[in-house]
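A.B. asks: I have a structure here, written as structure tokens, and I will follow up with some questions on it.
The values are calculated or read from the model by the stated rules, or taken from the named source; none is laboratory data. Here the structure is a predicted model, which is why all the values come from computation and not from measurement. Cβ coordinates were reconstructed from backbone atoms using ideal geometry, including for glycine residues, and neighbour counts include every protein chain displayed. We work out accessible area using only protein heavy atoms, side chains counted, and drop any ligands, DNA or RNA first. Shrake-Rupley method; radii C 1.70, N 1.55, O 1.52, S 1.80 Å.
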Amino acid sequence: MRSRSGGLLRRRPAAAVIAAALVVAAVAVIVYRVLSPAEVLTPARTGYPAPVSAATGVVGTLASAPLIVDGRLRIYATDRQVRADQPVDARTRRTPYWSYRRWPAELIGIVASGTTVVSRWSDGDLVAQDARTGRIRWRADGPPPGHGYDGRRTGASVNYTPAGLILATGRSGRTVLVVIGGSGLRGLDLADGEQLWRVDIDGACRAGALTTTAGQLATVDACAAPQTVEFHDVETGDLVRRWRPEDAGSELGLVPLGCGNGESNCPGMRTTSAGTSRGWLVDGDEPVPVPVLDPTDVVLDGDVALTPSGRELVARSVRDGTELWRRTGPEMARIVAVQPGRLHLLTDAHELITLNSMTGAQRSSFPLVAGDEVVPWRTGFVYAADGFVAVERLAAAAPPDAADPQFYAAPQPVILAAT
């Protein structure tokens, strides 16, 4: 009996060890499945929607900031996901038309041209999707951005100021994706992701960037003494020139003017240095000084410089400074956005006024209020495209480091309007 009992006692620890090993192995499998690198693509299951013609006024409110693509889809950004919904004039966010999620990489920025949507991720990956289906067109390696998602709840910064991700049109008409990161600059063909060129430099030395309508990439070499603007050809990467205004101080800043989304395809720019600013046209081989673009509150739409002054708004030609039209209103209004042919003003009472930027004629005017919602707010990011305006509403007194529930003015902080 003792012998059998002793054998049983010896077998029990062995069985316990085996059982524990099986539990550890099961946990390891679960952890691997949950934490291992992965991506999930859910493509579109319905046909590509038609463009919409929305009635003028407030469309609705959204939890996330939309990027409007091809006049048909709204693209949203979260920390690890890109998703689309439709129609563009839906009052609230809809079930995804398509979605794409990655793990553990974080989303850094999104740009779009035509029906191509490109996302940049914290591991350096670039992923291009067909907006019509959500399916992946190509993927490529890019310079690592050196940081993670910074879009907070709405994803506005990821969609509207994508870090180190800029589109450009070359002299041949080719659309180029320019990527800036810690290891330098890259130029890729948007059509197929082919790398056209690379410039290996310290990305930390780049302080400000934009692409011009003349097919050049302008970046500030912040490590030069004094700081200097470098212009590179967007199709070849060749350095075209190193340039700086004659009267600039040791430090330089670049402000894009009249661009497409973000800093892409800009006809103008403003340099800032030692407390002064100067405006330039960059639609030719060299920057051309344009005094009407010097003031920091002037915006550019095509060949029209728009200058607010109290209750007055003056439009002038950027070519010769000739006054084109003048508008004087009873209300104080500031310029919040511009899109081709449309200038958007917002009054202190949150009245959204849209003018024809070429003639000054009023297109629309209405309170930027959703239904009977009464919410005090101040303006965050503002985005305008395809006749729509999206405004991020921030809590009136929230500091920049406030938690999201206190930072935003409402659970659905983005208000969308058709103008």
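A.B. asks: Taking segment 80-128 as the search range and keeping residues that are among the acidic types (Asp, Glu) and over 30 Å from Ala54 (Cβ atoms), which one is surrounded by the fewest Cβ atoms within 10 Å (Cβ to Cβ)?
C.D. replies: Asp123
A.B. asks: Select, from Leu217, Leu210, Leu196, Leu188, the only residue that is open to solvent by 20 Å² or more (accessible area, probe 1.4 Å) and at pLDDT 95 or above.
C.D. replies: The unique qualifying residue is Leu196.
A.B. asks: Which numbered condition trips up Gly134, out of (1) assigned to a strand (DSSP E or B); (2) open to solvent by less than 20 Å² (accessible area, probe 1.4 Å)?
C.D. replies: Result: Gly134 passes all but (1).
A.B. asks: Would it be correct to say that Val40 is in contact with a Ser or Thr (Cβ under 9 Å, 6 or more places away or on another chain), among the hydrophobic types (A, V, I, L, M, F, W, C) and open to solvent by 30 Å² or more (accessible area, probe 1.4 Å)?
C.D. replies: yes
A.B. asks: Please report, ordered by residue number, the strands (runs of 3 or more DSSP E) entirely within segment 297-381 with at least 2 residues that are under 30 Å from Arg152 (Cβ atoms), out of contact with any helix residue (DSSP H, G or I) (no Cβ under 6 Å at 6 or more places or on another chain) and hydrophobic (A, V, I, L, M, F, W, C). Break it down stepwise before answering.
C.D. replies: On the way: elements: 299-301, 304-309, 312-317, 323-328, 333-339, 342-347, 351-356, 362-367.
Hits in segment 297-381: 299-301, 333-339, 342-347, 351-356.
A.B. asks: Further question on the same structure: For segment 53-79, give me each residue that is buried (at least 18 other Cβ atoms within 10 Å of the Cβ), among the polar types (S, T, N, Q) and not in a strand (DSSP E or B).
C.D. replies: Ser64, Thr78
A.B. asks: Follow-up question, since we're still on this one. Go through the residues of segment 349-367 one by one and say whether even a single one is polar (S, T, N, Q), within 19 Å of Val391 (Cβ to Cβ), open to solvent by 40 Å² or more (accessible area, probe 1.4 Å) and touching a residue at least 12 places away in the same chain (Cβ under 8 Å).
C.D. replies: Scanning segment 349-367 turns up at least one residue that is polar (S, T, N, Q), within 19 Å of Val391 (Cβ to Cβ), open to solvent by 40 Å² or more (accessible area, probe 1.4 Å) and touching a residue at least 12 places away in the same chain (Cβ under 8 Å).
A.B. asks: Hey, among the residues in segment 154-170 that are of a type in the set (Gly, Ala, Ser) and not in a helix (DSSP H, G or I), which one's surrounded by the most Cβ atoms within 10 Å (Cβ to Cβ)?
C.D. replies: Per the criteria, the residue is Ala168.
A.B. asks: Going residue by residue through segment 245-266, is there one that turns out to be in a strand (DSSP E or B), touching a helix residue (DSSP H, G or I) at 6+ places or on another chain (Cβ under 8 Å) and either open to solvent by less than 10 Å² (accessible area, probe 1.4 Å) or over 27 Å from Arg198 (Cβ atoms) (or both)?
C.D. replies: Keep residues of segment 245-266 that are in a strand (DSSP E or B), which gives 253-257, 266.
Add one more test, that the residue is touching a helix residue (DSSP H, G or I) at 6+ places or on another chain (Cβ under 8 Å), and what stays is 257.
Those still in the list that are either open to solvent by less than 10 Å² (accessible area, probe 1.4 Å) or over 27 Å from Arg198 (Cβ atoms) (or both) too: 257.
Scanning segment 245-266, I find at least one residue that is in a strand (DSSP E or B), touching a helix residue (DSSP H, G or I) at 6+ places or on another chain (Cβ under 8 Å) and either open to solvent by less than 10 Å² (accessible area, probe 1.4 Å) or over 27 Å from Arg198 (Cβ atoms) (or both), so the answer is yes.
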